[in-house]
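Peer 1: First the structure, which I've put down as structure tokens, then a few questions once you've had a look.
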Amino acid sequence: MVSYLYRCPERHETTADAPMGKAAPHVECACGEQARRAFTAPMLSSLPRAGQRAVEGAMATAEAPAVVTEVPPAYSAPGPASDPRHSLLPRP
């Protein structure tokens, strides 16, 4: 079920629950007027904490991106195996 927001001409807000995509275009407001469906932003506050951090991080870097000051170190291959039995294994 999804909560839909409706506003009447008197600016009263009413919510109604309905299956996704099945919202009525109008509902009756408490004041007696016909309230039209209002389209709002999705409820981003219902994101999990990890999702909120990702959104906040993306917004922060959009205005002040982190600048790289040096080239990262080159990748080095792992050293030789420390176990002498590894040298007895077949090579590809």
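The numbers here are math on the coordinates, done by the rules we state, and not lab data. The structure presented is a predicted model; accordingly, all values stated were derived computationally and were not measured. Counting neighbours? That spans all protein chains shown, and the Cβs are built from the backbone with ideal geometry, glycine included.
Peer 1: Under a Cβ-Cβ cut-off of 15 Å, what is the net charge of the residues other than residue 12 that fall near it, where Lys and Arg count +1 and Asp and Glu count -1?
Peer 2: Net local charge, residue 12 excluded: 0.
Peer 1: Cβ neighbours within 10 Å, averaged per peptide: list 20-29, 64-73, 1-10 in order, most packed at the top.
Peer 2: Per-residue mean Cβ counts within 10 Å order the peptides as 1-10, 20-29, 64-73.
Peer 1: Hey, what did the chain get for relative contact order, percent, Cα under 8 Å, at least 6 apart?
Peer 2: Result for the chain is 19 percent.
Peer 1: Ok, one more. Taking the Cα centre of the chain as origin, sum charge times position over the Cβ atoms of Lys and Arg (+1) and Asp and Glu (-1), and report the length of that vector in debye to the nearest 20.
Peer 2: 360 debye
Peer 1: For the chain, take the longest principal axis of its alpha carbons; what is the angle in degrees between that and the long axis of helix 49-63, to the nearest 10 within 0 to 90?
Peer 2: Tilt of helix 49-63: around 80 degrees.
Peer 1: Could I ask something else about it? Determine the calculated [θ] at 222 nm for the chain from helices alone, applying -39500 (n - 2.57) to every DSSP H run no shorter than 4 residues and normalising by the residue count; nearest 500 deg cm²/dmol.
Peer 2: After summing the helix terms and dividing by the residues of the chain, the value is -5500 deg cm²/dmol.
Peer 1: Same structure again: Around residue 25, with a cut-off of 13 angstrom between Cβ atoms, what is the net charge of the other residues, counting Lys and Arg +1 and Asp and Glu -1?
Peer 2: Surrounding charge for residue 25 is +3.
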